[in-house]
Structures are given as structure tokens and as C-alpha cells.
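> The structure's right below; bear with me while I get my questions together.
The values are calculated or read from the model by the stated rules, or taken from the named source; none is laboratory data. Everything numeric in this text was worked out from a predicted model, so none of it was measured. Because the Cβ atoms are built from the backbone with ideal geometry, glycine has one as well, and the counts that use them run over all protein chains shown. Heavy atoms of the whole protein, side chains included, go into the accessibility calculation; ligands, DNA and RNA do not. Shrake-Rupley method; radii C 1.70, N 1.55, O 1.52, S 1.80 Å.
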Amino acid sequence: MQVLEKEIPIIEPVKTGKKFFLETYGCQMNFSDSEIVASILKKEGYDITSEESSADVILINTCAIRENVEQKTRQRLTEFKALKKERPSLVIGVLGCMAERLKTKLLEEEKLVDMVVGPDAYRSIPGLIEEVDNGQKAINVLLSREETYADISPVRLSENGITAFISITRGCDNMCTFCVVPFTRGRERSRDPQTIVNEAKDLFERGFREVTLLGQNVDSYLWYGGGLKKDFDKATDEQQNSAVNFAKLLELVAQVSPLLRIRFSTSNPQDMTDEVLHMMVKYENICRYIHLPMQSGSTRVLKQMNRGYDREKYLDRIRAIRNIIPGCGVSTDIISGFCTETEDEHKETLSLMEEVAFDYAYMFKYSERPGTLAAKRLTDDVPEDIKSRRLQEIVDLHRKHANESNQNNVGKVYEVLVESSSKKSPNDLFGRSTYNKSIVFPREHYKPGDYVKVKVLYCTSGTLIGEAVK
Ligand code: 5AD
Ligand code: SF4
């Protein structure tokens, strides 16, 4: 039977004449979520604005991971509240992890906002805005076991038109004792791989040249036709045999085009397999860079954190990366002063850093989060000044390693994907190597989206400076 292709008319949304302003804090996942929110609102006829003063709706997509991040959000909300005094019809909404954590508190006790929406409830935003317009306070913080927003084609808010995020899982089942994410983002769910590949294809056709696959723990990605990972054992044989794990997903996305670079974040030492590393070698367009949070160098502290690996296992994964992908860039997350951490255990963190010499690190002081397992069961007993001093030692050591890593790149030639003009000079271009190093070089005739071979001439603390070679 012949199937006739029917042209599907594109239905333009009916404009509401209303504008929304959307501000985002926190991790890449939050930025990716904001693109989903923007897509949902645009479909309902709202226009986006970059000026809060001309907005009818102000949304702030929040992070709850550390207390200081939440404080910044509260400060912004107070500023927005002042705007609402001038324009009472303005709708102010809090989205994301802080909304999920505080629920009705922001509406009722602190009276800072009109609308509170958790990470799994973004489809309900247009309806909630209507409720607010009708004089009610609106809230939806239901967490879901299925929602992956798989069918939503996100509006790209990143400005360069070259790099984009694609979320592949939502939520996290790991229950690290310090972390609020399992409570604010719910159970881990994987998204249908076909929708991920389609999104990557669509981006490539629109001129994008790099996608970053996002998940709280990408190595844990598993698709067998829907359902939670923990129920995989109950799936049929057929479902289990045709399941797609993270390595396979990487392959599917890498095959979209050799000109499309693939990055991913975050990897997890307890789940990262050699299969993933071999897949990275098989496809040159999968970038040679892995973000592998260590959190601590002490096996006892890692146990207290419920990280699911010890110091030796972490080192084993680093050795595997270095053996299978020589030269692979590695970055990490480190927490200083976790509950009961001794001076010797802190020194173990420094010595693990010495053994690995990370190219890049995100370093934090431990911040107790209400409701987490650590808040319930452990004592936040490392004094603030000691946490700060330990953090400073970690930062200083990392600076030394990052500098050495950058110096190592001087004199070498790297293929750079050009992303944009350099922030400092319109005569220069900015891009990154496969190892995720930022490189700036004179523009000549090159443009964003080009792959250019660049020789590194020297480096500043965070950037390599070079010139194109023929
Ligand atoms: N205190 C300090 N840092 C934290 N992180 C997560 N929760 C906390 C907390 N309560 C850090 C971890 C994680 C990164 C995203 O944030 O290092 O990997
Ligand atoms: Fe939080 Fe641990 Fe999940 Fe990362 S893996 S989001 S640190 S619970």
C-alpha cells in the first residue's frame, strides 16, 4: 500500500499580547528546562522579553543546591515584588528546585510570589497564570514518574546558535546524603532515545554543531520502552533485549552527523562503564572530556556521603579514562568540610587531587540542606572558618593543576569549533577544543560553526590564546 505524504499545516499560536521574562539560576539542566518553559509559553501565544520592566509575567527558574544560591533568588524576588507594587497585574512565578523545596512557603508565609511550579509541572504554567489573573494564588509541585517533556521541542535561549543542551534523563535516584536534588527533581526517568535523536537532527539541520546530553547521572540512562530504571527487571525479555543504555545512546546521537559534536554531563564514578569510554573512542565527534565528580578523597567521607564508590574505585575510573582515551580532559566537583570530615581526611582530598590533576574543578563549601539525609542523620560539625580554609587549599591546588594543564597545551594544534565572537574583542573568535578548553584566536575569515585548526601560542589563567593554522 502506498502511503501518501500529507502536508501538515503549521498552526501559529494565537497571540495573547502578553510578554514573559525568564531568569535562570543553577545547573545546565535548569537552563535546559527554561527552554522547555519558553516553548510551552510561546505555544500559548506569549512572547519572550529580555526586559523585566515590560513583562506581564516574570518567572525565575531556581536552584536549591546550596543556601547561598537560594539567598540570591530571594533577593531577586524582593526586587520583583517592588515592581509588582508599581504594576499590581504583574504575575511573579517561582519555578524549579526552590519551588519544589519550599512549596507553599513562598506563597503563604513569605508572600513573595503569585505562582509556584515544580520541575515536573511546567505544562501547567499557562493554566496557573490564568488562575493568578483570576485573583488566586497558584501552585503545582507534583513530581511525576513519567514526565520527560519528550514531545516538546525547546525554544533555544542560548545566543550563539551553535551549542545546545538536550536533556536525556530527569530526576536522580542516587540519594547522596548532602544533596537536595532527589527531593526536588524526583525519581530518575529516561527519555525515549528516538526523541533525543530527532532533537539532535533538528538542531543540526538548523545550524547547531554541538549538543550536550544532560542528566543528573547520564551513565544511568536506560530506555526499555518507558518505566523507571528500578523496574527494569520486571520488563519483558523483548524490552530488555532492545534496551538502550547510555553507550548506545551516545552512538545513536554521534551518528546524526560527524560534524555534530557530542558532550555529556554529569558522569558518575559508580556507574561509568568502559563501554561508554570505548564508544567515545569509536566516534571522533564525541568530545574527549568527562565531568566526574569526586566530592572527597576519603573513603570514609564518601561512605558518609552515600556516594557508592570509594577512593580506589574513583582512581580505577580515572585510570580507565586515561588508558582508553589518552589525553581526555577531566573535571570534577569537590565539597570541603562535609559532616565529620577530619583534617587528615581533607588531606586525602588534596592527595587525590594531586594524583588526578584535574583540568577543571567546581569547588564548594558544604552547605546543609533541610530535608536531606545528612541534615537528618549527620552533624554539620566542621566550623565555618575551617570549611573556608580547607576550600581555599583545594582552590589553590586546583589553580596550580589547571595552570599546568593549560601550559601543556601551548605550542600544540587543536581543532576548535567556533561558537561566537570573543567577549573581549570583536576581531577575535571564541571556541573550544574537544578537551573543552576555551580558545581565542584572530577572526580572519572564519565564523561561528566552523571547525578551525588553531595553534596555541600562550595562555591566561582560563583561556588559551592562539592563531589559525592552514
Ligand atoms: N553543599 C555543598 N555542595 C553541594 N553540592 C551538592 N549539594 C551540596 C551541598 N549540600 C555540589 C556537589 C555536586 C554539585 C552539583 O554541587 O559537588 O556535585
Ligand atoms: Fe545529587 Fe548525588 Fe544525584 Fe548528583 S548523583 S544529583 S549529587 S543525589
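> Among Glu188, Glu146, which is the only one that is at pLDDT below 95 and open to solvent by less than 50 Å² (accessible area, probe 1.4 Å)? Break it down stepwise before answering.
Details: Glu146 fails: open to solvent by less than 50 Å² (accessible area, probe 1.4 Å).
When all the criteria are applied, what remains is Glu188.
> Which count do you get for residues in the stretch 389-415 that are without any contact (Cβ under 8 Å) to a residue 40 or more places away in the chain and either among the β-branched types (Val, Ile, Thr) or in a helix (DSSP H, G or I) (or both)?
6
> Going through the stretch 153-185 one residue at a time, which ones are away from ligand 2 (no atom under 16 Å from the Cβ), part of a loop (DSSP other than H, G, I, E, B) and crowded, with 20+ Cβ neighbours inside 10 Å?
Selection gives Pro154, Ile162.
> With a cut-off of at least 2 residues that are surrounded by fewer than 16 Cβ atoms within 10 Å (Cβ to Cβ) and more than 27 Å from the chain's Cα centre (by Cα), name the helices (runs of 4 or more DSSP H) lying wholly within the stretch 79-135.
Filter on the stretch 79-135 gives 125-133.
> Considering only residues that are within 14 Å of ligand 1 (Cβ to nearest atom), open to solvent by 30 Å² or more (accessible area, probe 1.4 Å) and either among the aromatic types (Phe, Trp, Tyr) or not in a loop (DSSP other than H, G, I, E, B) (or both), which ones fall in the stretch 347-372?
Result: Tyr360, Tyr362, Met363, Phe364, Lys365.
> Using beta carbons and a limit of 7 Å, which pairs, at least six apart or on different chains, have the first residue in the stretch 355-381 and within 19 Å of His291 (Cα to Cα) and the second one open to solvent by 40 Å² or more (accessible area, probe 1.4 Å) and within 14 Å of ligand 2 (Cβ to nearest atom)?
Phe364/Arg66
> Quick check on Arg307: is it at pLDDT 95 or above, charged (D, E, K, R) and farther than 24 Å from Cys27 by Cα?
Against the criterion (at pLDDT 95 or above, charged (D, E, K, R) and farther than 24 Å from Cys27 by Cα), Arg307 does not qualify.
> Give Lys387, Lys376, Lys400 a once-over and let me know the one that is touching a Gly at 6+ places or on another chain (Cβ under 8 Å) and of a type in the set (Lys, Arg).
Lys387
> Consider Val452 carefully, then state whether it is open to solvent by less than 60 Å² (accessible area, probe 1.4 Å), in a strand (DSSP E or B), touching a residue at least 60 places away in the same chain (Cβ under 8 Å) and at negative phi.
Here the answer is no, as Val452 does not meet what is asked.
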